[in-house]
1. Show the residue pairs meeting these rules: Cβ distance below 7 Å; 6+ apart or different chains; first residue within the stretch 106-117 and in the same structural domain as Pro78 (by TED's automatic domain parsing); second residue modelled with pLDDT of 95 or more and small (Gly, Ala, Ser).
2. Exactly one condition in (1) surrounded by fewer than 13 Cβ atoms within 10 Å (Cβ to Cβ); (2) over 30 Å from Glu45 (Cα atoms) is not met by Thr86; state its number.
3. If you check Asn49, Asn94, which single one turns out to be polar (S, T, N, Q), surrounded by fewer than 16 Cβ atoms within 10 Å (Cβ to Cβ) and at pLDDT below 90?
4. Check Ile60, Ile104, Ile80, Ile16 and return the single one that is modelled with pLDDT of 95 or more, surrounded by 14 or more Cβ atoms within 10 Å (Cβ to Cβ) and not in a loop (DSSP other than H, G, I, E, B).
Amino acid sequence: MEGVGIVRKVGNNKIIVEFVRQSACGESCATCSAKCAESEVEFLEFNNNISAKQGDLVKIKNNTKNILSYKFLVYGLPLILFMTSTSAAYFILNKYSINNTDLISLIVGIISLVIAFIIIKSIDNKYKKSTDAAILLEKL
C-alpha cells in the first residue's frame, strides 16, 4: 500500500500527516450498503526523520514483510502458546489421573495467554525504538 499525505503540523521532532485512506474495494458502488468505498481522512503522527516542513507532500509506504511478521506475532504466538500449553497440561494431568483436568488445563492456557501478552509487549517496546518501521515516509 502506498499513499500521499500532507504534513499538517511540525513540532517536537514529530510531524502530523493528513492521509486519505482509500476504500477497501476501490470502487464506489451505489447499491452497496457496506460503505466500503468511502474514503476517510486520517491524521497520523510520525518522527520527523525526513526533515519535512508544514505543507510538504510525503509518500507513505508500508513494509509488507514487517506487517506480516507483526500479524503472526499478534495472532499466531498467543494461539500456538494457548493450544500447546492447554494440550500438554491436559495430557500430563490425565496421565497422572488428577481430578478437574479440564479446568486446570484451561487455567494453564489462560496463563499462557498472559505470558504471550507480556512477550508481545516487550517485543513491541523493542521495535518502537527501532528504525526498521512497518510504515516508511519519503519526501516528495
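1. Short answer, once both residue conditions are applied: Val108/Ser85; Val108/Ala89; Gly109/Ser85; Ser112/Ser85.
2. The single condition Thr86 does not satisfy is (1).
3. Numbers: Asn94 fails: at pLDDT below 90.
Among Asn49, Asn94, only Asn49 is polar (S, T, N, Q), surrounded by fewer than 16 Cβ atoms within 10 Å (Cβ to Cβ) and at pLDDT below 90.
4. Numbers: Ile60 fails: modelled with pLDDT of 95 or more; Ile80 fails: surrounded by 14 or more Cβ atoms within 10 Å (Cβ to Cβ); Ile16 fails: modelled with pLDDT of 95 or more.
Answer to the check: Ile104.
The values are calculated or read from the model by the stated rules, or taken from the named source; none is laboratory data. What you are looking at is a predicted structure, and each value in this text was computed from that prediction instead of being measured. Methodologically, a virtual Cβ is constructed for each residue, glycine included, from the backbone with ideal geometry; neighbour enumeration extends over all protein chains shown.
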